[in-house]
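Asker: Please see the structure below; I have some questions.
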Amino acid sequence: MGVLWFWIVALMLTAYVVFDGFDLGVGIVYLFVARTERERGQALRAIGPVWDGNEVWLLASGGTLFFAFPLLYASAFSGFYLPLMMVLWLLILRGVSIEMRGHYADPLWRTFFDVLFSLSSVLLTIFFGAAMGNVVRGVPIGSDDYFFLPLWTDWQTGSNPGILDWYTVLAGVLALAALSLHGSLYLALKTEGDLERRALTIACYIWRATVVLTAIGIPATVLARPASLNNFKGHPVAFLAPLAVIASLAIIRFTMAKGSRLYSFLGSCGYLISMLVGAAVGLFPVLLPTVGMQGHDITIDRAISDSHTLHVGLIWWSLGICLALMYSIIVYWHFRGKVPTDPEGYGH
């Protein structure tokens with residue numbers, strides 16, 4: 001059951017990154033590709049019916065983590081309190097900016113919320129990437145299973161790390177590039193005209209940056225936490241994950257050149273999934289590695305709930321995931337195709 005719930009949590013987080021990742025990416029490139037009020041309205045309509053539903057995957061991931069691995073939930077939410085509060089405020093500001101910009105036609109009002117939408121999307125993406133970097137690198141877990149991280153220390157990955165160091169900043173920048181690419185390809189898929197062409201053009205540049213950062217990020221992960229290679233050495237089939245990363249990047253480039261918007265976007269989905277699967281394989285069976293106090297990692301066996309909780313939770317999770325999948329299928333089916341160019345509203 002522990003292994004099953006490890007991969008269920010990984011699945012939920014992957015679903016969040018893939019689904020909410022494209023509307024975060026739209027926010028990142030929003031000010032660069034959408035230059036007129038009509039184009040900005042079109043960009044917002046591209047995510048209008050789905051962005052708030054996509055964020056449900058984040059809430060579902062937190063809820064799943066709470067009852068499956070309560071020790072990890074308590075330790076991580078305590079140690080990462082400061083960045084979690086920042087993420088919460090950024091999520092609020094991002095939602096407010098999307099909802100409020102269309103309530104008044106004043107250009108200054110709309111410009112303010114446009115900038116807020118883009119800035120909050122950029123910062124959220126960097127924070128999420130840095131958070132993933134912290135989980136992969138490890139944190140200074142004490143004998144009581146709790147830890148505290150300052151925002152930064154000496155920018156090194158040793159026994160006294162901060163939330164930000166060279167590795168977690170690299171992870172944040174890689175996340176920024178990857179989700180910018182994801183959002184640009186989504187815009188190219190869902191829009192038309194000048195907005196579509198600009199989205200595809202910027203996607204070509206971001207693809208190059210993503211390739212370079214990925215080539216740096218994978219060996220940097222091994223340098224920051226050498227133990228992340230253990231499962232790959234013991235199970236060579238795990239090398240399919242980094243091979244899938246390379247294949248996904250190649251598919252994106254090939255399909256962009258061929259003008260296949262859908263397959264480019266699916267290639268981006270494959271890239272994100274492969275990267276996250278690789279990270280999960282590198283961690284398993286550790287949920288949160290420690291630095292400084294060896295042998296005190298928070299593992300599946302240490303953090304798992306009791307058997308009754310897991311069995312009951314599996315029933316309710318199965319029901320909940322069926323409802324979530326039904327909702328997603330219905331919404332995305334009705335929302336298929338290009339968005340209209342009508343400048344009023346944003347898709348609800």
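Asker: For segment 104-136, name all the residues that are aliphatic (A, V, I, L, M) and more than 13 Å from Leu24 (Cα to Cα).
Answerer: Of everything in segment 104-136, those that are aliphatic (A, V, I, L, M) and more than 13 Å from Leu24 (Cα to Cα) turn out to be Ala105, Leu108, Val115, Ala130, Ala131, Met132, Val135, Val136.
Asker: Are any residues in segment 116-153 of a type in the set (A, V, I, L, M) and farther than 23 Å from Gly282 by Cα, and if so, which ones?
Answerer: The answer is Leu116, Leu119, Val122, Leu123, Leu124, Leu151.
Asker: Further question on the same structure: Taking Gly217, is it at pLDDT 95 or above, on the phi < 0 side of the Ramachandran plot and either part of a helix (DSSP H, G or I) or surrounded by 13 or more Cβ atoms within 10 Å (Cβ to Cβ) (or both)?
Answerer: no
Asker: Could you check how many residues of segment 166-193 are touching a Lys or Arg at 6+ places or on another chain (Cβ under 8 Å) and either assigned to a helix (DSSP H, G or I) or of a type outside the set (Val, Ile, Thr) (or both)?
Answerer: The number of residues fulfilling the criteria is 7.
Asker: Let me ask something else about it. List the helices (runs of 4 or more DSSP H) inside segment 230-348, counting only whole elements, that have at least 3 residues being surrounded by 15 or more Cβ atoms within 10 Å (Cβ to Cβ), in contact with a Leu (Cβ under 7 Å, 6 or more places away or on another chain) and not β-branched (Val, Ile, Thr).
Answerer: Values: elements: 230-234, 240-258, 261-283, 300-303, 307-334.
Counting at least 3 such residues, we get 261-283.
Asker: Next question, about the same structure. Does segment 164-180 contain any residue that is in contact with a strand residue (DSSP E or B) (Cβ under 9 Å, 6 or more places away or on another chain), of a type in the set (Asp, Glu) and either crowded, with 18+ Cβ neighbours inside 10 Å or within 23 Å of Thr125 (Cβ to Cβ) (or both)?
Answerer: The answer is yes, given that some residue of segment 164-180 is in contact with a strand residue (DSSP E or B) (Cβ under 9 Å, 6 or more places away or on another chain), of a type in the set (Asp, Glu) and either crowded, with 18+ Cβ neighbours inside 10 Å or within 23 Å of Thr125 (Cβ to Cβ) (or both).
Asker: Quick check: is even one residue across segment 139-149 charged (D, E, K, R) and at pLDDT 95 or above?
Answerer: No - not one qualifying residue is present in segment 139-149.
Asker: Select from segment 97-143 the residues that are touching a residue at least 24 places away in the same chain (Cβ under 8 Å) and of a type in the set (Gly, Ala, Ser) and list them in ascending order.
Answerer: The answer is Gly102, Ser118, Ser120, Ser121, Gly129, Ala130, Ala131, Gly133, Gly138, Gly142, Ser143.
Here's the yes/no breakdown for (1) touching a residue at least 12 places away in the same chain (Cβ under 8 Å); (2) under 24 Å from Thr341 (Cα atoms):
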residue: Gly183; (1), (2): yes, yes
residue: Leu189; (1), (2): yes, yes
residue: Glu192; (1), (2): yes, yes
residue: Ala199; (1), (2): yes, yes
residue: Asn231; (1), (2): yes, no
residue: Pro236; (1), (2): no, no
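The values are calculated or read from the model by the stated rules, or taken from the named source; none is laboratory data. Just so it is clear, the model here is predicted, and its values are computed rather than measured. Cβ coordinates were reconstructed from backbone atoms using ideal geometry, including for glycine residues, and neighbour counts include every protein chain displayed.
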